[in-house]
Amino acid sequence: MSKRYGHGPHAGHVLTDVCLRVARGEFLSIMGPSGSGKSTLLNLIAGLDTPDSGTVAVAGRDLALLSDDARSDLRLRQVGFVFQSFHLFPTFTVEENIAWPLEFLGLGWRAVRWRTAAAMAQVGLDQAVRHRRPAELSGGEQQRVAIARALVTEPRLVLADEPTGNLDSRTGAQILDLLRTLNLARQLTVVLVTHSTAAAACGERTVELRDGCLVREARVAPEPRVWPALQLRA
């Protein structure tokens, strides 16, 4: 799969001939310096952008063959997002921030309350904070809220873009431990983008991007299950 930006003599490749397969239940770390194409790769996996050549398939479905509505529905039901900057709604409470994606699933209020409480419990958030707003929380608590929001729709895949970038090292380590625990306990597929070697070590496999190309792969755990969660072909 390849992606380029611009046209004519000023066009340049952001990703070039990237071939990658991630198994269901795997924790994959993607490393690389700024500008190497890491975030672009996540956007392509999420169907927020389209490749110029090659294919991106999530859960066996070629994203290019889906309508805009079908891609949005796939993101809603099967993909959770965790960002460096949390992206919480400042005027919403913790409970409202977590429950927000459920509005689009058409669930009744009892199911929404149950799923929200369950997501909070999974990430270690006390129910006592559910009426607080983001400004009343620590950075680590805000990131836990963001992870709970990513989990509340019960996705198969979580895409985490530098989730510890705005946290101190101790809190960042706790967030990474949480992602790894969720990966193991729920067989949740996690794709983590990071420039940190320590953060990447939480994954069972690490691939390195440089100048838009995959240049290295290292595995630190036994082979994951072979059911493919996503595939990219050049």
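None of the figures in this text is laboratory data; all of them are computed from the coordinates on show. These numbers come from a predicted model, not from an experiment. Reconstructed Cβ throughout: ideal geometry from the backbone, glycine too, with neighbour counts over all protein chains shown.
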Next on the checklist: Which of rounded, prolate or oblate describes region 117-205 when judged by the alpha-carbon gyration tensor and an a/c cut-off of 1.5?
Outcome noted: oblate
Next on the checklist: Computed from the coordinates I sent, P(r) over Cα pairs in 10 Å bins from 0, in percent equals one of (i) 7, 25, 25, 20, 13, 7, 3, 1, 0; (ii) 8, 30, 29, 18, 11, 4, 0; (iii) 8, 32, 36, 19, 5, 0. Tell me the label.
Outcome noted: (iii)
Item to check | Built amide H within the under 5 Å cut-off of residue 52, gap 5+ | outcome: 2, 3, 4
Next on the checklist: Which one, 74, 200, 114, is farthest towards the positive end of the dipole of the chain when Lys and Arg carry +1 and Asp and Glu -1 on their Cβ?
Outcome noted: 114
Checklist entry - GNM, the chain, Cα, under 10 Å: largest mean-square fluctuation among 28, 157, 44? => result 44
Checklist entry - Once phi is turned into θ = phi - 60°, what whole-Hz ³J(HN,Hα) does the Karplus curve with 6.51, -1.76 and 1.60 give for every residue of region 205-214, x standing for Gly and Pro? => result 8, 10, 10, 10, 9, 9, 6, x, 10, 6
Next on the checklist: What does DSSP give for the chain in terms of the percent of beta bridges that are antiparallel, rounded to the nearest 5?
Outcome noted: 50 percent
Item to check | Relative contact order computed over the chain (Cα-Cα under 8 Å; 6+ residues apart), in percent | outcome: 38 percent
Next on the checklist: Can you tell me which of 113, 144, 205 moves the most in a GNM of the chain? Springs connect C-alpha atoms under 10 Å apart.
Outcome noted: 113
Checklist entry - Among 149, 216, 180, whose mean-square fluctuation peaks in a Gaussian network model of the chain (Cα, cutoff 10 Å)? => result 216
Checklist entry - Which whole-number percent is the relative contact order of region 105-217 (Cα, under 8 Å, 6+ apart)? => result 20 percent
Item to check | Residue order, fewest to most beta carbons within 10 Å, for 202, 19, 213 | outcome: 19, 213, 202
Item to check | Phi to ³J(HN,Hα) by Karplus 6.51 cos²θ - 1.76 cosθ + 1.60 over region 186-191, Hz, x for Gly, Pro | outcome: 10, 6, 7, 6, 10, 10
Checklist outcome for this item: Residue-ordered couplings for region 63-77, obtained by feeding phi - 60° into the Karplus form 6.51 cos²θ - 1.76 cosθ + 1.60 and rounding to whole Hz (Gly and Pro as x), are 4, 5, 8, 9, 6, 4, 5, 5, 5, 5, 5, 4, 4, 5, 9
